[in-house]
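Okay, so here's the structure we're looking at.
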Amino acid sequence: LAVLLRRSAGDSFRQVGKLKFFTSQVVGNTLGMVRWRAGKLKNDREFLSLMAEALQPGDILLEKTPFILTDKTIPGHFGHAAIYVGTTEQLRAIGALELPLVKEHLARIGSGQVVLEALRGGVVLNTLEHFMNIDDVAVLRPHRLPPEAVRDSISLALSNFGKRYDFNFDVNTTETIVCSELVYAAYPQIDFVTKQVFTSFTIAPDDIAKQAAGHPADPLELTLFAHDGRLAYRKGEEGAGIALYRKLLGLEEGQAW
């Protein structure tokens, strides 16, 4: 009887998981087509140039697209996460050009496809210009990791290229992957917080963002931040940018994550 009960419970969880995957896929694909304008940073050549100069291989990109209906279904402020792989020159500078997975994608990287992201069609490499159809962007840097660890993380990230999108949003799966899970998988050195939702353990983009809240022990560092189409913070500059970033994440001044 106990075996039958366990088997029945397992079957029930699998059915719930399949239903969740199918529902999320249908809803996500449908809502994702509903958008009423372009991003405020789209075709902003000045900010694109600033981004290109500031980015380093392994940087984490978080974005906000309040003009797309799917953005309204994602908890928190940020709605998407990606990883900046780096240009050919940048990868050469950190000794990553000979990594097998970098060599495999060198033609794409050389053509400007330097942003790795999990979209509804799967995990792809896109240009930075393509990525910038957004209103907000935050650049987070794993500033405590040595160069060899960053190289390992770039390889881990690229190992997910071509995988299908995870409409179950489950960080414990490896055959499918969602945007924030891509960051989670690439940086096992960082103790990201996950939450259980139904049968899955998930991580939201804001859970990543809160690892760069400005505390000395944070594993990530905010190096660049734009809000509502305007530069709000750049590393080394004083100002209200960090406070705004924390406010958008729902963190009070002085509150630890």
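The values are calculated or read from the model by the stated rules, or taken from the named source; none is laboratory data. No experiment lies behind these values; they were computed from the predicted model shown. Quick reminder, even Gly has a Cβ in these numbers, built from the backbone with ideal geometry, and neighbours come from all protein chains shown. With ligands, DNA and RNA removed, areas are computed over all heavy atoms of the protein, side chains included. Shrake-Rupley method; radii C 1.70, N 1.55, O 1.52, S 1.80 Å.
Key figures
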| item | result |
| --- | --- |
| Extension gain, residue 35 back to residue 196 (0.36 nm per residue minus Cα-Cα distance, nm) | 55.0 nm |
| Potential extension, residue 103-residue 164 segment - 0.36 nm per residue separation minus Cα distance | 19.8 nm |
| Nearby lysines by direct alpha-carbon distance to residue 235 (threshold 25 angstrom, same-chain neighbours under 8 apart not counted) | 40, 42, 64, 210, 247 |
| Cα-only Debye scattering, the stretch 84-235: base-10 log of I(q)/I(0) at q = 0.14 Å⁻¹ | -0.73 |
| Accessible area of the chain belonging to carbon and sulfur atoms, whole % at 1.4 Å probe | 56 |
| Cα extents of the chain along the three principal axes, largest first (Å) | 65, 43, 39 |
| Whole-number D in µm²/s for the stretch 160-236 (Stokes-Einstein; Kirkwood sum over Cα pairs; 4 °C, 1.567 mPa s) | 93 |
| By average C-beta atoms within 10 angstrom, highest first, the peptides 37-46, 203-212, 53-62 | 203-212, 53-62, 37-46 |
| Protection proxy ranking of 107-120, 169-182 - average other beta-carbon atoms within 10 Å, highest first | 169-182, 107-120 |
| Probe 1.4 Å, protein heavy atoms only - accessible area per residue of the chain in square angstrom | 50 |
| Selection from 245, 102, 118 lying farthest towards where the dipole of the chain points positive, charges on Cβ | 118 |
| Heavy-atom accessible area ranking, 1.4 Å probe, most first, across 248, 48 | 248, 48 |
| DSSP H segments from the chain that extend 15 Å or more along their own axis, Cα-based, with Kyte-Doolittle mean of -0.5 or above | 2-31, 147-158 |
